[in-house]
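Following: one structure in structure tokens, then a few remarks.
Since every read-out is calculated from the coordinates, none of them should be taken as a lab result. Treat the numbers as computed from the prediction; the structure is a model and nothing was measured. Because the Cβ atoms are built from the backbone with ideal geometry, glycine has one as well, and the counts that use them run over all protein chains shown.
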């Protein structure tokens, strides 16, 4: 029974996404152990690529893991333990007491986690949109017709398994921007077909940063623990054109894991 329940926990954790890299925390190798006791208690241990990864992202991932596992009807308790991190004590205490990030870190917390989450949801929306549009254009779809599709028409679009996967991933983030059209920009405005090429080139710059950071994080994790193979994540369906003080707990940018 505990083995089956542990697998259920792993499945829930696989749905939790690193907010910047837009990949599963289990695929990235962040979750190390899952233990389930006879009373329905769950203990999860996780790690990050460096000792100084930003605390707000660590807290955000921990909160998302807890929420995902809490959806299992038999779970009675959830324990989350971050290993070998400069803010492990604060983060583990905050998770154990179900505190907000601000309450866990007090005056040291400079960011609203909801704002951080929103920022990176938008970036994930952009990356997934670029990957899908580039894929569909490469398979002969006309840009103007794609940009005229409604969301339900995109969902019903026929294609190969890779097309279906990219559509599914894109629609998971489509809610970030409001509009009945399937493809809009981050301001929820329609995309001009005449400017589609320039629009996609701008989106690729977002993806380049994410792919670099994904490879960097995997490499750092492999170097630190010697267990995870350092393989980059590829968002694109085709090649692109050519001291001792703790930092601020809310500091974040494109390299939050390696900063």
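Taken as Cα centroids, region 27-57 and region 63-116 sit 11 Å apart, rounded to the nearest whole angstrom.
Between residue 103 and residue 138, the contour length at 0.36 nm per residue exceeds the alpha carbon distance by 7.7 nm.
The fewest-to-most ranking of 64, 107, 89 by surrounding Cβ atoms within 10 Å reads 107, 89, 64.
Give me 134, 15 ranked fewest to most by other Cβ atoms within 10 Å of their Cβ, as a rough exposure proxy.
15, 134
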